[in-house]
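Below: the structure, in structure tokens.
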Amino acid sequence: MQRNQGFSLLEVMVVLVIIGLILGVVAPNILGQGEAAKLKKVKLDIQQLENALGMYKFENGRYPSTEQGLEALVEKTEIDPRPRKFPEGGYVSKLPKDPWQNDYVLVSPGEFGKIDIFSVGPDSEAGTDDDIGNWMSEDNEEEQ
């Protein structure tokens, strides 16, 4: 006759401790990667927007105003000063959202450079310590 044996309390506790140790080591690394990925996305989005704004300025002699905003890259603005040239399809087809689903902000002229492009960060409020902007890049000053 076969006897069914279950796990002892000690064996279950050992397994739980091992799982806890693994999670304690792995979880912070995984969570840290998520924040780093969000920061990298913001930096790449801002770089692409800067490139599009550079083309806008090259073709029109000036950056869009703060009032015109980044939307001036997608659709020809009706707000003065209107662009002289505007390519079919715009300078970008669609404006990206930051990782927290907020719009990027354009300030022109900028407080930190000729133009400021930034994400309001996880708190969704402009002007706080978690804002991420193009002024944070070391080589940005020469490009503007």
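Below is a table of values for the structure above.
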{"item": "Test: L39 is under 17 Å from the mean Cα position of the chain (by Cα) and within 23 Å of V107 (Cα to Cα)", "result": "yes"}
{"item": "Members of region 49-81 found to be in a loop (DSSP other than H, G, I, E, B) and in contact with a helix residue (DSSP H, G or I) (Cβ under 9 Å, 6 or more places away or on another chain), listed by number", "result": "R62, Y63, P64, S65, T77, I79, P81"}
{"item": "Single condition R84 does not satisfy, out of (1) surrounded by 11 or more Cβ atoms within 10 Å (Cβ to Cβ); (2) in contact with a helix residue (DSSP H, G or I) (Cβ under 8 Å, 6 or more places away or on another chain); (3) without any contact (Cβ under 8 Å) to a residue 60 or more places away in the chain", "result": "(1)"}
{"item": "The listed residue being more than 15 Å from F118 (Cα to Cα), at pLDDT 85 or above, surrounded by 13 or more Cβ atoms within 10 Å (Cβ to Cβ) and among the small types (G, A, S), out of G61, G54", "result": "G54"}
{"item": "Counted residues, region 97-117 - those being closer than 18 Å to D130 by Cβ and either within 14 Å of the chain's Cα centre (by Cα) or surrounded by 14 or more Cβ atoms within 10 Å (Cβ to Cβ) (or both)", "result": "13"}
{"item": "Total residues in region 103-140, condition assigned to a loop (DSSP other than H, G, I, E, B) and either under 14 Å from E71 (Cα atoms) or among the basic types (K, R) (or both)", "result": "3"}
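For every residue, the table says whether it meets (1) within 10 Å of the chain's Cα centre (by Cα); (2) over 20 Å from L70 (Cβ atoms); (3) surrounded by 10 or more Cβ atoms within 10 Å (Cβ to Cβ).
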residue: V14; (1), (2), (3): no, yes, yes
residue: G24; (1), (2), (3): no, yes, no
residue: E35; (1), (2), (3): no, yes, yes
residue: K43; (1), (2), (3): yes, no, yes
residue: I46; (1), (2), (3): yes, no, yes
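The values are calculated or read from the model by the stated rules, or taken from the named source; none is laboratory data. What you see is a predicted model, and the numbers here were worked out from it, not measured in a lab. Every residue, glycine among them, receives a Cβ derived from its backbone with ideal geometry; neighbour counts consider all protein chains shown.
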